[in-house]
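Bear in mind these aren't lab numbers, they're just calculated from the coordinates by the rules spelled out. These figures come from a predicted structure and were not determined experimentally. Positions of Cβ are backbone-derived with ideal geometry, glycine not excepted, and every protein chain shown enters the neighbour counts.
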Amino acid sequence: MTKKPRHKPSDLPSASAAKAAPAIGVPVQPVQLTTAHYQGPIPPPSILEGFDRIVPGAAHRLIQLAEDESKHRRELENKTLEANIAAQRRQLEIGDYQSKAVFRSDLLAQVCGVLVTLTCIVAAIWASLHGQVTVAVILAAIPTAAVIQAFFRQKPDQKK
């Protein structure tokens, strides 16, 4: 649904008509508007000269202010960079420590497994030499079951 304009374009006063017909009794005064745009921390030299005419030394102070601000910004960026590098180094140290801890844990588990296996085998041999065949079979079955279970167990990355 489209809206219809309230007034026809011919009903509205045009901009040229407003310029041509000033109100009666009102003095007409021409006005000139100038805008300037610059980018960066320091204005162009012509504007700096104007500042210096109004307030002596203002141009120097503005330039010094821009230099100080730039130096401050670079210092903050350097501190941020150094903090990020330190955090990354710390993360690497933590990862290294964790991998060493996992390795030590795995090694300890393997040593304990070998000790339990050897103990069971020695105890099974001793039990069989002393006539305890049932005890010897049970003691021999413990390390055998552990070895079989180790071969058939899936690794975490092999699961589907």
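Between residue 125 and residue 105, the C-beta separation translates, for a Förster distance of 25 Å, into a calculated FRET efficiency of about 0.20. Applied to the stretch 39-45, the Karplus parametrisation 6.51 cos²θ - 1.76 cosθ + 1.60 on θ = phi - 60° returns per-residue 3J(HN,Hα) values of 10, x, x, 10, x, x, x Hz, with x for Gly and Pro.
For the stretch 27-77, the equivalent ellipsoid derived from the Cα gyration tensor has semi-axes of 32, 15, 7 Å, listed largest first. Computed over the Cα atoms of the stretch 42-152, pair by distinct pair, the Kirkwood hydrodynamic radius stands at 21.4 angstrom.
Pair-distance distribution P(r) for the stretch 102-160, from all Cα-Cα distances in 5 Å bins starting at 0: 4, 18, 17, 20, 16, 11, 7, 5, 2, 0 percent. A simple spin-label model places the labels of residue 79 and residue 151 6.4 nm from each other, with each point 7 Å out along Cα-to-Cβ. Backbone phi angles across the stretch 85-101, fed through the Karplus curve with coefficients 6.51, -1.76 and 1.60 (θ = phi - 60°), yield HN-Hα couplings of 5, 5, 5, 5, 4, 4, 4, 5, 5, 5, x, 5, 4, 5, 5, 5, 5 Hz in residue order; Gly and Pro are listed as x.
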